Amino acid sequence: MSTDARIVPAASLIPADAPFPKAAKVALGMPQLRKNLAHATGTIRAKRANVAGELDDWERLRDTASAIKADVQHRLPELAIEFERNATAAGATVHWARDAQEANEIAARIVREAGADEVVKVKSMATQEIELNEHFEAHGLKAFETDLAELIVQLAEDKPSHILVPAIHYNRTQIRDIFTQSMGDAPSGLTDEPAALAEAARLHLRRRFLSAKVAVSGANFAVAETGSLVVVESEGNGRMCLTMPETLISIVGLEKLLPRFGDLEVFMQLLPRSSTGERMNPYTSVWTGSREGDGPRDVHVILLDNGRTGVLADEVGRQALSCIRCSACLNVCPVYERTGGHAYGHVYPGPIGAILAPQLEPGRHDDLPYASSLCGACYEVCPVKINIPEVLVHLRQQGPHEAGEKAAMGAAKAVMARPRLWRAALKAARFGSMPWRRKGFLRRLPWPGSRWTVSRDLPVPPKEDFRDWWKERQR
Amino acid sequence: MPRVGLFITCVNDALFPETPKAVVAVLERLGYEVDFPAAQTCCGQMHANSGYKDDAARLARSFERVFEPYDAVVTPSGSCAAMTRDQYPHLTGSTIGRRVYELSEFLIDVARVEDVGARFPHTVTYHPTCHGTRALGLGDKPLRLLRAVRDIDLVDLPAADQCCGFGGTFALKNSEVSSAMLADKCRHAADTGAEYLAAADNSCLTHIGGGISRSGGPRPIHYAEILASAA
């Protein structure tokens with residue numbers, strides 16, 4: 001056992017704020033990471049394909065979900081107010097947060113008012129997005145992750161690299177080492193057997209659940225019609241957080257709203273199959289305000305904008321707000337599979353991150369829309385039919401362009417827009433490549449062509465082109 | 001008989017004359033008269049997908065002008081056909097893409113043939129290119145045409161639906177990730193032991209072929225050239 005091999009947080013190996021190609025290059029050079037990723041994404045991908053294929057109305061479910069989400073985007077203000085009214089009537093306190101700072105401050109205030117200085121957390125992307133844990137830490141509060149994978153990431157002082165499986169970049173031996181080094185109460189002689197690791201985490205977390213006064217969660221869905229919140233999970237640790245502490249704070253992105261309770265019927269079929277590849281997830285918690293003698297007494301909901309209403313203004317881009325964070329697009333993405341999540345430099349990685357991050361934080365992440373070969377595998381699996389390739393191209397067309405590239409593209413267009421110039425350029429290319437014709441290809445080109453020849457040869461134009469042939473046979 | 005215009009694509013115009021020649025051969029064998037309007041250049045996909053909308057719109061308008069007179073436009077590229085169908089409506093409002101067919105679409109949906117009378121006594125593995133398969137929805141149309149070829153030995157390509165890593169300027173901008181994807185594709189292609197790797201897009205085949213040229217493996221070939229081989 002190599003327990004002294006200190007685990008280095010994977011995220012710390014990727015240069016912070018590096019543009020995607022540079023960060024990806026570092027990730028590509030990590031063989032263990034690539035092995036873990038290929039194995040994990042490959043497994044979930046196959047499971048998803050199996051269970052999605054079981055339903056004959058899968059495509060109709062996708063269409064319906066997409067239509068419901070489009071309706072939500074059209075009626076967001078009225079649905080948010082309807083949610084507030086119904087949740088308040090049921091005993092919850094609803095707060096509105098314009099941005100991360102406001103949401104964090106509201107949450108911290110509620111924790112202090114409850115007389116607590118620590119919270120247990122349900123796995124939540126919204127709290128990752130606003131960096132709630134970091135904010136708490138800076139203000140003398142402590143947030144404990146209770147989702148197993150989030151716990152691993154937190155103990156490793158790392159960052160999640162996947163939306164659904166945040167510790168996808170670690171294998172079980174590495175997880176054993178992380179537990180042994182950082183959990184404090186890990187049993188001695190802990191092996192890397194999955195059952196032993198789960199038991200160690202279970203004992204560790206039980207102590208936290210029993211002492212916590214406040215829990216923080218996100219939500220998968222917020223139902224306007226009833227004021228209910230929904231959390232979908234696998235482990236039951238979320239259920240512990242949602243039911244045991246006296247105070248519950250849920251931070252919910254505005255786009256999580258659904259008009260009717262009945263809409264859950266559609267999403268509860270799509271989400272588990274798309275995310276974990278299961279027909280049904282083990283734990284679904286639904287709560288509406290507070291109730292005497294049942295669960296938390298003091299229930300808070302923080303509705304979070306943090307850039308979302310800005311995205312609504314873009315008719316093409318706003319479909320990104322339909323995302324239900326299933327991460328099916330990550331698992332099928334050939335780019336994500338090879339780089340992992342940290343290379344994207346944002347809490348939302350993969351194809352959905354490449355269209356969400358630059359829209360939530362305009363002016364940043366302009367490199368992400370290019371982190372795709374536009375292969376379309378993401379669109380094919382997306383349960384809410386976000387046309388990710390379309391949005392990627394749309395964002396590329398909005399974004400700034402590098403001057404040299406812009407000039408080259410302009411020149412290419414000028415030639416291609418004039419058939420005579422185009423024919424002359426083809427002739428020039430044939431003439432210029434004559435010395436290599438016998439060999440048939442070029443192996444080395446100067447920059448920027450070297451970006452191609454780093455791994456591929458380039459064929460040279462043949463002696464006779466199609467146009468000559470066509471002219472000849474027309475005679 | 002519809003008036004058929006042939007769009008050979010800029011890649012074939014520059015590098016692969018045998019592919020459009022093969023399209024002409026197959027269509028003429030089936031009794032179609034094919035025309036090649038010489039003023040054609042490029043559909044504008046490179047510009048559109050790299051973020052240059054105005055440049056792309058300029059090229060789209062040229063395409064529309066050149067191919068306006070035809071009832072059907074046939075092209076040996078799933079990617080370029082998808083460009084005209086999916087992106088032209090946003091770029092210029094043109095619906096000409098409805099009349100643009102990737103070769104296998106034209107053969108199966110319009111000409112209603114699967115057996116085009118070809119013979120190709122070789123082992124072939126087929127890579128379903130991303131834009132053809134997903135954007136255009138070709139499904140197994142090119143494969144159905146290949147299955148009907150006499151004496152062909154078709155072998156499955158492992159992880160066939162995985163992108164080869166080309167992606168136009170992606171191959172340059174994200175050269176390292178692209179190369180990692182390519183390495184896997186080349187390995188899978190070589191593992192089949194096939195003599196040829198067929199696909200519906202010479203741009204992807206340039207990429208895969210460029211890798212195989214170094215690592216070894218099947219020879220890249222556009223499936224149109226297999227269909228054109230005489231019985």
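The values are calculated or read from the model by the stated rules, or taken from the named source; none is laboratory data. Just so it is clear, the model here is predicted, and its values are computed rather than measured. Neighbour counts are summed over all protein chains in view; Cβ atoms, including those assigned to glycine, are modelled from backbone coordinates with ideal geometry.
Residues in segment A:174-211 that are of a type in the set (Val, Ile, Thr) and surrounded by fewer than 16 Cβ atoms within 10 Å (Cβ to Cβ): A:THR191 only.
Across segment B:15-61, the qualifying residues are those that are small (Gly, Ala, Ser) and crowded, with 22+ Cβ neighbours inside 10 Å, and the one among them that is nearest to B:PHE170 (Cα to Cα) is B:SER50.
What number of residues within segment B:44-101 are part of a helix (DSSP H, G or I), more than 30 Å from A:ALA371 (Cβ to Cβ) and of a type in the set (D, E, K, R)? Qualifying residue count, segment B:44-101: 5.
Of the candidates B:HIS222, B:HIS207, the single residue that is buried (at least 19 other Cβ atoms within 10 Å of the Cβ), at pLDDT 95 or above and within 27 Å of A:TRP447 (Cβ to Cβ) is B:HIS207.
Taking the criterion of being within 23 Å of A:GLN154 (Cα to Cα), within 19 Å of the chain's Cα centre (by Cα) and surrounded by fewer than 20 Cβ atoms within 10 Å (Cβ to Cβ), the only residue of segment A:19-37 that qualifies is A:ARG34. Of the helices (runs of 4 or more DSSP H) lying entirely inside segment A:340-456, none contains at least 3 residues that are of a type outside the set (Phe, Trp, Tyr), under 15 Å from the mean Cα position of the chain (by Cα) and at the interface with chain B (Cβ under 9 Å from one of its Cβ atoms).
I'd like the full set of residues that are within 14 Å of chain A (Cβ to nearest Cβ), within 25 Å of B:VAL34 (Cβ to Cβ) and either of a type in the set (Asp, Glu) or assigned to a helix (DSSP H, G or I) (or both), limited to segment B:106-134. Those that are within 14 Å of chain A (Cβ to nearest Cβ), within 25 Å of B:VAL34 (Cβ to Cβ) and either of a type in the set (Asp, Glu) or assigned to a helix (DSSP H, G or I) (or both): B:HIS131, B:GLY132. So how many residues does segment A:279-290 have that are farther than 16 Å from A:PHE221 by Cβ and either touching an Asp or Glu at 6+ places or on another chain (Cβ under 6 Å) or surrounded by fewer than 15 Cβ atoms within 10 Å (Cβ to Cβ) (or both)? Counting residues in segment A:279-290 that are farther than 16 Å from A:PHE221 by Cβ and either touching an Asp or Glu at 6+ places or on another chain (Cβ under 6 Å) or surrounded by fewer than 15 Cβ atoms within 10 Å (Cβ to Cβ) (or both) gives 2. Picking from residues in segment B:5-15 that are out of contact with any Asp or Glu (no Cβ under 6 Å at 6 or more places or on another chain) and either charged (D, E, K, R) or more than 8 Å from chain A (Cβ to nearest Cβ) (or both), the one that is farthest from A:LEU426 (Cα to Cα) is B:LEU6. Considering (1) without any contact (Cβ under 8 Å) to a residue 40 or more places away in the chain; (2) crowded, with 16+ Cβ neighbours inside 10 Å; (3) within 14 Å of another protein chain (Cβ to nearest Cβ), say which one A:ASN104 fails and leave the rest. The one condition A:ASN104 does not meet is (3). Consider segment B:135-149 and keep the residues that are within 14 Å of chain A (Cβ to nearest Cβ) and in a loop (DSSP other than H, G, I, E, B). The one that is surrounded by the most Cβ atoms within 10 Å (Cβ to Cβ) is B:LEU136. Could you list all residues from segment A:125-157 that are under 23 Å from A:TYR170 (Cα atoms) and part of a loop (DSSP other than H, G, I, E, B)? Within segment A:125-157, A:GLU131, A:THR146, A:ASP147, A:ALA156, A:GLU157 meet the criteria. B:SER213 meets all of the listed conditions (1) outside any helix (DSSP H, G or I); (2) out of contact with any helix residue (DSSP H, G or I) (no Cβ under 9 Å at 6 or more places or on another chain); (3) at the interface with chain A (Cβ under 9 Å from one of its Cβ atoms) but one, namely (1).
Could you go through segment B:152-160 and let me know if any residue there is in a helix (DSSP H, G or I), in contact with a strand residue (DSSP E or B) (Cβ under 7 Å, 6 or more places away or on another chain) and among the β-branched types (Val, Ile, Thr). Within segment B:152-160, none of the residues are in a helix (DSSP H, G or I), in contact with a strand residue (DSSP E or B) (Cβ under 7 Å, 6 or more places away or on another chain) and among the β-branched types (Val, Ile, Thr).
Determine, yes or no, whether A:SER322 is farther than 17 Å from B:CYS163 by Cβ, surrounded by fewer than 24 Cβ atoms within 10 Å (Cβ to Cβ) and polar (S, T, N, Q). For A:SER322, the condition - farther than 17 Å from B:CYS163 by Cβ, surrounded by fewer than 24 Cβ atoms within 10 Å (Cβ to Cβ) and polar (S, T, N, Q) - is met.
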